[in-house]
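Each reported figure results from applying straightforward, stated rules to the coordinates on display, with no laboratory input. Nothing here was measured: the structure is a model prediction, and the numbers come from that model. Please note: Cβ atoms are built from the backbone with ideal geometry, for glycine as well, and neighbour counts cover all protein chains shown.
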Amino acid sequence: MPKVEAPVEKWRGRVQEVRLGGDGRKQVTVGGESTLPFLHFDGEIPHRPVIAAEVLDMPPADWAENVVSAWGDALKSPAAWAKKAAQLGADLIFLRLASAHPEQGNTSGAQAAKTVSQVMEATDLPLIVVGPDVAEKDNEVIVAVAEAARGQRLALGTVTDKNYRTIVATAMAGGHAVVAQAPMDMNLSKQLNILCCDVGLPKDSLVMDPTTGALGYGMEYALSVFERLRLAALQGDAMTAMPILCHAGYESWRQKEAKAVEGVPVSWGDQKVRSLLWEQMTALTLLQSGAEIMVLRHPRSMDVVRGVIDRLMARQGPVS
Amino acid sequence: MKTCRVSFQPGGAVVSVSEGTLLLDAAARAGILLDMPCGGQGRCGRCRVKVESGEVTGRENIHLSQEDMAQGWVLSCTARVVGDLAITVPPKVERDRAIVELPSARAAAQIALHWPRYPALRRAYLELTPPSLEDNAPDLERLRRGLRQEANLEGLELDVYQMRELGATLRQDNWRVSATLDASGPGNRLVDLRPGRIKGPLLGLAVDIGTTNVVAYLVNLDNGRLLGKASRMNRQVSCGEDVISRIVFSQREGGVDTLQNLAVDTINVLVKELAQAHGASPEDIGDMVMAGNTTMAHLFLGIPPRYIREEPYVPTATHFPVCTARDLGLAIHPRASVYCVPSVAAYVGGDITAGVLASKLYESDTLSLFLDVGTNGEIVLGNKDFMMTDACSAGPALEGAGMRCGMRAMPGAIEDVRISSLTLEPTIKVIGDVPAQGICGSGLISAVAEMLVTGVISKGGKIDLDYVLSRQPERPRARPGESGPEYVLVWAGEAGGGTDITLSEVDLENLVRVKAAIYAGIMVMAEKSGIPLDTVERVLIGGAFGQHINVEQAIQIGLLPDLPWDKFHFLGNTSAWGAYNILLSKHARSKVEELVAGMTYVELIADNSFMNEFTASLFLPHTDADRFPSVAHLLSR
């Protein structure tokens, strides 16, 4: 048999490395790839994709019973929740300051700072901290958090094209990174990255959230956007080269298919199995189109996704 | 460091400055304050002075032509003293003029007749032999014979109404008559028959019906001379600002009739104005050519345009029957023929085919990009071997509609804006010697470009209130307004209307969408034809609005591609120009019919490439900064 040289793609660009976490504590670096996801033969993949556990600062009101019971009493306190997530092998904590929402408690910046301090005492994992997605409240609580966690290099969010100046400036002042969210369009993600960098944010302090679609709810659009962002980055476009954050947990669990127990066809099967499959399918698919930070809800999904990452990083085949 | 003596004329002031001093600073030392609307960045070209003798560095600037530079002109904000100098400072008026004489603001090409003059309308004066017992041919036969023998005109056509009056008319001045005939069809259609010899010239009307503005040219068909031009806002605007809302209106009960009447009313007002100005009677106008987009043509003729709007976007027709003024209610000669220039497709109309005819793009080897920017943006790429065309809906912002302080380009409209990068204070130029009342399309492009370059707005088109406040703590020009942040171009005290003239973020978004649509249309054309934009040798800018675009600033906001300025040529109102040629030459008329058949239409919504390009263009100047290297360079300063 003649020896065949497998063609190797030579990319000009490389994904931007972003380091999260404080001095003397656990740090995580994402990005740095010079190839498409898991194509080790084409280029380097210096850092494995990571799993962030989604933690709320208040007991979740509308989560499915099986994800609530999986976390148990830990849900009552963000510190306990984060600690349990760390024990279950999360690489990062994604802390959502839901209670700051004007309709869910309207808690203050001071409270947010206190919550973050408690979480940081409970675990030394790096933190992504986002507000309630209400511009004014986001600015209020994130400014307080950034100040309280100075030097801890959090990723702060959520930055959008309508609301980026305050959070970006705060992040720069406190040595933090930001999560920038654009509505599922490659150009809009890139535009937001440019706007953030124009304010002065270093390129290594930016994580993209290009918006996730769950299985059955636009997953293929998300896949295409992730993939095109990544291809552009590898072709040398520095403004699309930021690591990608994916909300597989949040987006999957809010769909009917993950939650419905009654009134659905028998063929849908057991909700407990179905819901996990929904989250895992979404996560595993988008993992392979370029996501570096996978935010998940259920401990079991964290296990499964980590297992797949392990094997893909070890150049093994898929999980049997 | 070397000290240099710099003298200034007039006045004769002499100052000593060290080598490397900016001329601007040397002038200030001599007590001469030069205006710097752009803040001294070499962007506006208004601080030009002439170096009579001596050496300076920094002579080159895009605002100076080779000729200017050879004559010693420099910009005092970029030129630095090298040795002893003698400088002439031109009077302020002259310096101010430089702002309108930017290379990009060159005068549009003059309307011209490209074809041998051969109008379809002709007039013959006949002295017929009166009938007798020996020569007892009927009146009509006598007229035919006269036309054949005295004017070499065959195939007279007339209707029964004309025939009823024929006997009396011929006899009224003892068999002396003037016959006006329309030869656009196969025969010679009798338009007018009058006793005696008619004194005045034979007149024709070339009309460009734009979605927003209507322009009419009165033409002397005997010698081809353009007698006058008049324009008005299309009265249909009251029924919707763009083509789509017009079509929606037309679907109401009686909507088509209403719109048809409004178009005709607009033209009739222009006809009256032109006739009065030239001592003519509207009835003297015996021929008319109309160029307009496909929807305008449908509405002008009273054809329901609704299918243009519904997938798969098919018009009732692209070629229209020649009709008479009476059919349409036009106040010119009732039997005057009215020819509508044919369209290519639903969104590439007769204004574009007329424009291509005027541009002569079709007979050149040079690869040209023809743009007609108005409420719709139409694009033609090609040369004598091929032509491709597409169209995008831009909206009426560039024509002054749909913006809070928008207005048409008429006295009182801000047409040029410069913002000082140091003080963020604007310097405006207003059409006519009157206080500003609003801003027109070219002023809008100019304002947004300056706001971008000076950091008043982000690349996302959002006003940076904090930055403006930091530079203007006393009386910031940017403030939170009713509909989000806004920028004050003119304070109420200086404005004609007594209220602040502002640009809000909503207005900015509006303009960004307009420019994104046009640029995306250009890019999709380049992509589909496989012709990279930088291989385009000429960009021909037509349309009524085009001639007012400042290319430099249009590139800065990403409306026009970042190509060398000398590739851009302004043709003026090519639609009316084309109509004028068709009115005066039957050859031009047959050529335009041929052109329509030779243009390939690209449907932008057939796939998602337009949407991709459009979203990428919703940024200043563009999401892909590499496509606008000159702007990226400017913004990095």
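Cα gyration tensor of the range B:203-340, axes a ≥ b ≥ c as square roots of the eigenvalues: rounded (a/c below 1.5), prolate (a/b > b/c) or oblate?
On the way: a/c = 2.16, a/b = 1.84, b/c = 1.18.
It is prolate, given that a/c is not under 1.5 and a/b is the larger ratio.
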Per-residue counts of other Cβ atoms within 10 Å, averaged by peptide: what ranking do you get for A:210-218, B:165-173, highest first? A:210-218, B:165-173
Over the range B:3-101, consider all pairs of different Cα atoms and compute the Kirkwood hydrodynamic radius from their mean reciprocal separation; express it in Å, one decimal. 13.0
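Can you sort B:132, A:108 from fewest to most other Cβ atoms within 10 Å of each residue's own Cβ? Don't jump to the answer; show the numbers that get you there.
Working: B:132 7, A:108 15.
With the fewest neighbours first, B:132, A:108 line up as B:132, A:108.
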What residues have an amide H closer than 5 Å to that of residue B:38, excluding those fewer than 5 places away on the same chain, when H is modeled at 1.01 Å from N in the peptide plane? B:44
With θ taken as phi - 60° and the coefficients 6.51, -1.76 and 1.60, list the Karplus ³J(HN,Hα) couplings across the range B:259-265 in order, rounded to whole Hz; mark glycine and proline as x. 5, 4, 5, 5, 5, 5, 4
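What is the range A:104-182's relative contact order, in percent, from Cα pairs under 8 angstrom and six or more apart in sequence?
This gives 29 percent for the range A:104-182.
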Among B:192, A:310, which comes first, then next, by fewest other beta-carbon atoms within 10 Å? A:310, B:192
Mean ellipticity per residue at 222 nm, deg cm²/dmol - from DSSP H runs of n ≥ 4 across the protein assembly as shown, formula -39500 (n - 2.57): -10000 deg cm²/dmol
Would you mind checking the tilt of helix B:350-359 against the longest principal axis of the Cα atoms of chain B, expressed as 0 to 90 degrees and rounded to 10? 70
Would you kindly derive the ³J(HN,Hα) couplings of the range B:8-18 from the backbone phi angles with the Karplus curve 6.51 cos²θ - 1.76 cosθ + 1.60 (θ = phi - 60°), listing them in order in whole Hz, with x for Gly and Pro? 10, 10, x, x, x, 5, 10, 10, 10, 9, 7
Could you work out how far helix B:505-529 tilts from the main Cα principal axis of chain B, as a 0 to 90 degree angle to the nearest 10? 70
Shielding score for A:184-195, defined as the mean number of other chain Cβ atoms within 10 Å: 5
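Fewest first, what order do B:388, B:523 take by the number of other Cβ atoms within 10 Å?
Details: B:388 17, B:523 22.
So the residues, fewest neighbours to most, are B:388, B:523.
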Which of A:76/A:114; A:203/B:459; A:190/B:515; A:114/A:137; A:83/A:114; A:84/A:256 exceed 21 Å between C-alpha atoms? The answer is A:84/A:256
Starting from the Cα coordinates of the range B:121-195, work out the convex hull volume and express it per residue in Å³. 79
Using only the alpha carbons of the range B:48-92, what is the convex hull's orientation-averaged projected area in square nanometres? 3.0
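Ignore the peptide's own chain and count Cβ atoms of other chains within 10 Å of each Cβ in A:231-239; give me the average, rounded. Each step should come with its number before you reach the end.
Values: counts 0, 1, 0, 0, 0, 1, 4, 0, 3.
Across the residues of A:231-239, the mean count of other-chain Cβ atoms within 10 Å is 1.
Within 10 Å of each Cβ in B:612-619, how many Cβ atoms from other chains are there, averaged over the peptide?
On the way: counts 4, 1, 1, 6, 6, 1, 4, 7.
Other-chain Cβ atoms within 10 Å of each residue's Cβ, averaged: 4.
Calculate the translational D of the protein assembly as shown in whole µm² s⁻¹ from Stokes-Einstein, where the hydrodynamic radius comes from the Kirkwood formula applied to all Cα pairs, the temperature is 20 °C and the viscosity 1.002 mPa s.
Numbers: Rh = 32.6 Å.
Calculated translational D: 66 µm²/s.
For the range B:332-476, report the convex hull volume of the alpha-carbon atoms normalised per residue, in Å³, without decimals.
Values: hull volume 27.3 nm³, N = 145.
It comes to 188 Å³ per residue, whole-number rounded.
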Taking Rh as the Kirkwood radius computed over alpha-carbon pairs of chain B and applying Stokes-Einstein at 4 °C with viscosity 1.567 mPa s, one gets a diffusion coefficient in µm² s⁻¹ of 48
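Over all directions, what mean area does the Cα convex hull of chain A project, stated in square nanometres?
On the way: hull surface 70.6 nm².
Over all viewing directions, chain A projects a mean Cα-hull area of 17.7 nm².
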Fraction in percent of alpha-carbon pairs per bin - 10 Å, the range A:59-105: 24, 55, 21, 1
Dimensionless Rg ratio for the range B:397-511, taking C-alpha atoms and the 2.2 N^0.38 Å reference: 0.95
Can you give me the angle between helix B:160-172 and the longest principal axis of chain B, using Cα atoms only, in degrees from 0 to 90, rounded to the nearest 10? 80
Assign unit charges at the C-beta atoms only (+1 for Lys and Arg, -1 for Asp and Glu), then state the dipole size of the range A:43-310 relative to its Cα centre in Debye, rounded to the nearest 20. 220
